[in-house]
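First up is the structure itself, then whatever we jot down about it.
None of the figures in this text is laboratory data; all of them are computed from the coordinates on show. What you are looking at is a predicted structure, and each value in this text was computed from that prediction instead of being measured. Cβ sites come from the backbone with ideal geometry, for glycine too, and all protein chains shown count toward neighbours.
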Amino acid sequence: MTTALPDLLRLLDREGIGLRSMHLSEPTLDDVFLRCSRRC
């Protein structure tokens, strides 16, 4: 996961795709629970 963002940015740059903004956040315990409970 630590290389995912740099790899994505390199790919976008290589393809000539501009990026105006980006927001990163870590999921809360509630987010994880809701995601997992929808799969089961």
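List of remarks:
- Per residue, the chain reaches -16500 deg cm²/dmol at 222 nm when only DSSP H runs of four or more residues are counted, each adding -39500 (n - 2.57).
- Charges were assigned to the Cβ only: +1 to each Lys and Arg, -1 to each Asp and Glu. The resulting dipole of the chain about its Cα centre is roughly 140 debye.
- Per-peptide packing, taken as the mean over residues of other Cβ atoms within 10 Å, places 20-28, 6-14 in the sequence 6-14, 20-28 from highest down.
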